Amino acid sequence: MSDAVYDSLIEGGAVVTSGGVREVDVAIKGGRIAALLEPGAGATADEVIGATGKHVLPGAVDIHFHVRAPAYPERGTVASETRAAAAGGVTTLFEMPISKPCCATPEVFRSRRELFAREAYVDFALYGAPGTLNPDHVAGMVEEGAIGFKIFMTEAPKGRDDEFGGLCLPDEGPLLEALRLVAATGLVTSVHAESNPLLKHFTARLLKTGRNDPETHGESRPPLVEALAIAKLLTLNRAVGGPLHIAHVTSRMALDTVRMFRSQGMDVTAETCPQYLLFTEEALSEHGSYAKINPPLRTPDDREALWEGLRDGTLLVVTTDHSPFTVAEKEEARTDIWAAPPGAPGVEELVPGMLHAVATGRLGLEKAVELMSTNGARRFGLYPRKGVIEVGADADLVVADLEAETVIRQEDLYTQARCCDRLYDGMAFRGKVLRTLLAGRTIFDGKITGEPGQGRFICPGGGSVAGGQQMPTT
């Protein structure tokens, strides 16, 4: 048996802690951060990881992620997409409840939890869908460990009713009742906010013209569709009072709406995604169906507004909305944007993209870490176990070189949807993930070294679940 004090030690790095960037060594024992030591303290460890000249960050917490497994293995599996997360420096992800059938009952929730437990390379949490309006379903998913609940304010996509059953609530009465049900649990409701009546109005008007070019996608879902939905949602929530989170904010108008309600004291937070921070509607003209995302990519002015929202705190989190499809699905609809499935991969670009924002002066390093790690963990009850480097936290860590370049090449990506990653292909970011550790074990160091089933199911409050029973956080 080893006489070493610690299991592993990360030496020589500039560590982004809750108290700032510090020149300390990170000591790890039993999967947790055991100590932050002054360099040269003489500690011994079974494994020493050199990080001189590099930065050590908390692993990213991606609170908006889609796999949809096991129904569409051709798009991606839990294994393939969580490997991609590991390669990108994401150590905890929250899987949305779109599945076949929709994750709207305790039985489906358990099935998905068991699938992830077998295959996941990183830690995971699961959302439930409350739209059956059955209190027993909601209570049962809470008991099973749901991290929160997700609602779409739009109708289910044509032909995908089983995937979205219990998730889509376009009418105000059922939406209000679902908000009440979730508010009673104390968990956060995350909402895809687009106005279904307005969306139908703009779509019908465009369909009459016979157009099916890529630009019609953005025209069918202008910022008004997003902003009105947010205003309606938050007005309804005045009668409920539950904590809300607005998914993928894309526009200045939507951002201003969130800002107004936050100024009035409402418990609402919001996120945006790298695709909205880096690209504009011109990408639809260039990439067609590969750039079709809901809500759509917007104007340069909207993009600048989102950066402002990150800096002033209106936007709490940057998350990926990682959404794999196949080239066949995207190509089949290449000449008809209406038929294209919405979504694009992106989990491997989150951390390099945020480090590039630091390198180009968009954000400070500590702010970037808050946006991609700390704030999401805090909002959903996982802090300080996740999203931070301090004693007692999980040793979910990223060793990064802020000066090295990451060039995105489809053939190098781990996502099974790599060939659909047309937005990022060829882009160069300043900042590179060198190593990813999960609970103190290296799962990526230029190649995947982790194993399926290594990821743990994480509950609100930071506990994990094994066999359906919550384990205490110690």
Enumeration of residues in region 47-65 that are open to solvent by 40 Å² or more (accessible area, probe 1.4 Å) and either among the small types (Gly, Ala, Ser) or closer than 30 Å to residue 167 by Cα (or both): 50, 53
Complete set of residues in region 166-194 that are charged (D, E, K, R) and either in a loop (DSSP other than H, G, I, E, B) or open to solvent by less than 20 Å² (accessible area, probe 1.4 Å) (or both): 171, 194
Residues (open to solvent by 10 Å² or more (accessible area, probe 1.4 Å), in contact with a Ser or Thr (Cβ under 9 Å, 6 or more places away or on another chain) and either of a type in the set (Ser, Thr, Tyr) or at pLDDT below 95 (or both)) located in region 75-110: 105
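Conditions tested, residue by residue: (1) among the polar types (S, T, N, Q); (2) in contact with a helix residue (DSSP H, G or I) (Cβ under 9 Å, 6 or more places away or on another chain); (3) more than 20 Å from residue 270 (Cα to Cα).
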residue	(1), (2), (3)
357	no, yes, no
376	no, no, no
386	no, yes, no
394	no, yes, yes
397	no, no, yes
410	yes, yes, yes
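Could you please give the count of residues in region 294-306 that are open to solvent by less than 10 Å² (accessible area, probe 1.4 Å) and assigned to a helix (DSSP H, G or I)?
Of the residues in that region, 2 qualify.
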Search result, residues across region 403-440 that are open to solvent by 30 Å² or more (accessible area, probe 1.4 Å), part of a strand (DSSP E or B) and not basic (Lys, Arg): 403, 405, 407, 428, 434
Region 389-398: number of residues that are of a type in the set (A, V, I, L, M) and crowded, with 24+ Cβ neighbours inside 10 Å: 4
Residue satisfying all of: in region 261-285; within 25 Å of residue 213 (Cβ to Cβ) and outside any helix (DSSP H, G or I); most open to solvent (accessible area, probe 1.4 Å) among these: 281
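From 244, 207, which residue is over 27 Å from residue 347 (Cα atoms), out of contact with any Leu (no Cβ under 6 Å at 6 or more places or on another chain), of a type in the set (A, V, I, L, M, F, W, C) and modelled with pLDDT of 95 or more? Even if it seems obvious, please write down each step before you answer.
Numbers: 244 fails: over 27 Å from residue 347 (Cα atoms).
Going through 244, 207 in turn, just one is over 27 Å from residue 347 (Cα atoms), out of contact with any Leu (no Cβ under 6 Å at 6 or more places or on another chain), of a type in the set (A, V, I, L, M, F, W, C) and modelled with pLDDT of 95 or more: 207.
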Cβ-Cβ under 8 Å pairs, at least 6 apart or on other chains, region 165-190 side in contact (Cβ under 8 Å) with a residue 24 or more places away in the chain and under 19 Å from residue 271 (Cβ atoms), far side of a type in the set (Lys, Arg) and open to solvent by 30 Å² or more (accessible area, probe 1.4 Å): 188/379
Pair list, Cβ < 7 Å and 6+ apart or interchain, from region 299-313 residues that are under 18 Å from residue 358 (Cβ atoms) to residues that are open to solvent by less than 60 Å² (accessible area, probe 1.4 Å) and in a helix (DSSP H, G or I): 303/276; 303/277; 306/255; 306/276; 306/277; 307/277; 309/255; 310/371
Counted residues, region 210-260 - those being open to solvent by less than 10 Å² (accessible area, probe 1.4 Å) and charged (D, E, K, R): 1
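Residues checked against (1) under 22 Å from residue 162 (Cβ atoms); (2) among the charged types (D, E, K, R); (3) under 19 Å from the mean Cα position of the chain (by Cα):
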site: 81; (1), (2), (3): yes, yes, yes
site: 89; (1), (2), (3): no, no, yes
site: 96; (1), (2), (3): yes, no, yes
site: 99; (1), (2), (3): yes, no, yes
site: 111; (1), (2), (3): yes, no, no
site: 132; (1), (2), (3): yes, no, no
site: 136; (1), (2), (3): yes, yes, no
site: 144; (1), (2), (3): yes, yes, no
Residues (touching a Ser or Thr at 6+ places or on another chain (Cβ under 7 Å), closer than 22 Å to residue 437 by Cα and open to solvent by 10 Å² or more (accessible area, probe 1.4 Å)) located in region 111-137: 119, 121
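Table: residues versus (1) among the small types (Gly, Ala, Ser); (2) in contact with a strand residue (DSSP E or B) (Cβ under 9 Å, 6 or more places away or on another chain); (3) surrounded by fewer than 22 Cβ atoms within 10 Å (Cβ to Cβ).
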position	(1), (2), (3)
28	no, yes, no
31	yes, yes, yes
36	no, yes, yes
67	no, yes, no
70	no, no, yes
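Got a number for residues in region 225-252 being free of Cβ contacts under 8 Å to residues at least 40 places away in the same chain, part of a helix (DSSP H, G or I) and over 11 Å from residue 193 (Cα atoms)?
Filtering region 225-252 down to residues free of Cβ contacts under 8 Å to residues at least 40 places away in the same chain leaves 227-228, 230-231, 234-235, 238.
Retained after the next criterion (residues that are part of a helix (DSSP H, G or I)): 227-228, 230-231, 234-235.
From what's left, over 11 Å from residue 193 (Cα atoms): 235.
Within region 225-252, residues that are free of Cβ contacts under 8 Å to residues at least 40 places away in the same chain, part of a helix (DSSP H, G or I) and over 11 Å from residue 193 (Cα atoms) number 1.
Do you know which residues across region 35-69 are hydrophobic (A, V, I, L, M, F, W, C), under 30 Å from residue 102 (Cβ atoms) and in a strand (DSSP E or B)?
Keep residues of region 35-69 that are hydrophobic (A, V, I, L, M, F, W, C), which gives 35-37, 41, 43, 45, 48-49, 51, 56-57, 60-61, 63, 65, 67, 69.
Remaining after also requiring under 30 Å from residue 102 (Cβ atoms): 60-61, 63, 65, 67, 69.
Answer for region 35-69, where residues must be hydrophobic (A, V, I, L, M, F, W, C), under 30 Å from residue 102 (Cβ atoms) and in a strand (DSSP E or B): 60, 61, 63, 65.
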Residues of region 441-453 satisfying the condition of being open to solvent by less than 30 Å² (accessible area, probe 1.4 Å) and either assigned to a loop (DSSP other than H, G, I, E, B) or touching a Cys at 6+ places or on another chain (Cβ under 6 Å) (or both): 450
All helices (runs of 4 or more DSSP H) inside region 309-402 with 2 or more residues being closer than 20 Å to residue 416 by Cα: 327-332, 350-359
Filter result (charged (D, E, K, R) and within 18 Å of residue 388 (Cβ to Cβ)) within region 26-47: 29, 32
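Looking at region 150-165 only, could you name the residues that are open to solvent by less than 50 Å² (accessible area, probe 1.4 Å), out of contact with any helix residue (DSSP H, G or I) (no Cβ under 8 Å at 6 or more places or on another chain), in a loop (DSSP other than H, G, I, E, B) and not basic (Lys, Arg)? Show your work before the answer.
Here is the first cut: in region 150-165, the ones open to solvent by less than 50 Å² (accessible area, probe 1.4 Å) are 150-154, 156-157, 160, 163-165.
Filter again for out of contact with any helix residue (DSSP H, G or I) (no Cβ under 8 Å at 6 or more places or on another chain), leaving 150, 160, 163-165.
So of that shortlist, the ones also in a loop (DSSP other than H, G, I, E, B) come out as 160, 165.
Matches in region 150-165: 165 only.
The values are calculated or read from the model by the stated rules, or taken from the named source; none is laboratory data. Since this is a predicted model, take the numbers as computed values, not measurements. In this analysis, Cβ positions are derived from the backbone assuming ideal geometry, glycine residues included, and neighbour counts consider all displayed protein chains. Note: areas computed on protein heavy atoms with side chains; ligands, DNA, RNA excluded. Shrake-Rupley method; radii C 1.70, N 1.55, O 1.52, S 1.80 Å.
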